[in-house]
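Here the structure comes first, spelled out in structure tokens, and everything after it is commentary.
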Amino acid sequence: MPSSPTDAQMLVGLSRALDNRRVYRMREELREKVGTALGVTRKQRAGLDCIESDDLFVVLKATGSITRDDLTEEALRPLLRQAVVAVCAAVETYVADRVMELFGPAIKQPDLPPRLAALPMTVGDWHLIERDYTRRGWGLRDVVRRQVESLASASPSEVAKLFSAVGVADLFRRVDKERGVGKGRSTEQLNDVVDRRNRIAHAGDRKGRGRANISVDEVDCHRAVAREIVEAIEALT
């Protein structure tokens with residue numbers, strides 16, 4: 001995404017890297033070699049263990065508080081759930097920033113876009129601008145930015161409303177065309193990401209008496225969809 005997807009990317013990457021593929025605990029010969037290399041006392045070497053994936057070989061010390069049983073697939077799911085939250089946060093940040101980039105040209109139009117004209121400004125906002133800004137336009141921009149940031153969302157309907165406020169009409173119809181997908185597909189896909197974020201953030205991702213399953217592939221799919229949609233919006237605006 002034009003706005004950094006680092007948080008989601010790192011959380012997914014860490015979950016994948018900590019996915020232990022090693023079935024058996026560390027062999028005695030390897031414990032001796034690793035223990036010697038790390039300066040572990042002979043008494044503690046018997047307690048050394050490890051996990052191993054395609055990316056990492058992690059040594060677990062006998063004196064540590066984490067064992068291989070703590071790093072199960074279930075234990076790593078919170079990382080993936082937070083990655084979904086981070087994906088939506090990245091979309092929201094992008095939307096607010098891009099809308100404000102388009103605010104300058106929009107406010108100069110002879111006839112304002114209706115949604116922009118309808119943004120509320122209080123007497124307090126007016127007083128602040130008159131008191132604190134030598135250029136009223138800067139004050140107005142700050143007032144509008146606060147409104148935009150409070151309204152920014154990853155929900156397709158809200159994204160479309162904010163972009164319509166700066167003169168971008170039929171956003172998701174055009175996004176579908178830019179991505180080469182069927183009508184309404186981008187809205188459906190982004191709604192899926194937002195719905196999962198909402199279940200995670202507001203209901204602990206509960207499903208029945210337990211928590212819903214979540215996988216690296218599922219989160220990667222959500223991240224890819226969000227990236228594609230943001231890149232399409234960037235190309236169109």
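Starting from a Cα-only point model with no solvent, please compute log10 I(q)/I(0) by Debye for region 86-236 at q = 0.20 1/Å.
Normalising to I(0) and taking log10 leaves -1.20.
Looking only at ARG179, ARG209, ARG31, which one moves most when the chain is put into a Gaussian network model with springs between Cα atoms under 10 Å?
ARG209
With the convex hull built on the Cα atoms of region 19-70, state its orientation-averaged projected area in nm².
3.6 nm²
Quick check on packing: order 117-125, 78-86 by the mean number of other C-beta atoms within 10 Å, highest mean leading.
78-86, 117-125
Which one, GLY47, GLY35, GLY64, has the greatest fluctuation when you compute a Gaussian network model over the chain with C-alpha springs under 10 angstrom?
GLY64
Helix-only mean residue ellipticity at 222 nm, the chain, DSSP H runs n ≥ 4 weighted -39,500 (n - 2.57), per residue, nearest 500. What is it?
Calculated from helices alone, the mean residue ellipticity at 222 nm is -20500 deg cm²/dmol.
Once you put a point 7 Å from the Cα of VAL181 and another 7 Å from the Cα of ALA75, both along the Cβ direction, what distance in nm separates them?
3.6 nm
By how many degrees, 0 to 90 and rounded to 10, does the Cα axis of helix 123-132 deviate from the longest principal axis of the chain?
The two axes meet at around 90 degrees.
Once both axes come from the Cα atoms, what is the angle between helix 216-236 and the longest principal axis of the chain, in degrees from 0 to 90, rounded to 10?
30 degrees
Have a look at HIS127, HIS202, HIS222 and tell me which one the Gaussian network model of the chain (Cα, springs below 10 Å) gives the largest fluctuation.
Among HIS127, HIS202, HIS222, the largest GNM mean-square fluctuation belongs to HIS127.
Rounded to the nearest 0.05, what FRET efficiency do ASP192 and LEU128 give with R0 = 35 Å and r taken as the Cβ-Cβ distance? Could you check?
0.30
Give me the angle, in degrees from 0 to 90, between the Cα long axis of helix 6-17 and the longest principal axis of the Cα atoms of the chain, rounded to the nearest 10.
It is inclined by approximately 20 degrees.
None of the figures in this text is laboratory data; all of them are computed from the coordinates on show. Quick caveat, the model's predicted, so the values are computed rather than measured. Using ideal geometry, Cβ is built from the backbone for each residue, glycine included, and neighbour counts are taken over all protein chains shown.
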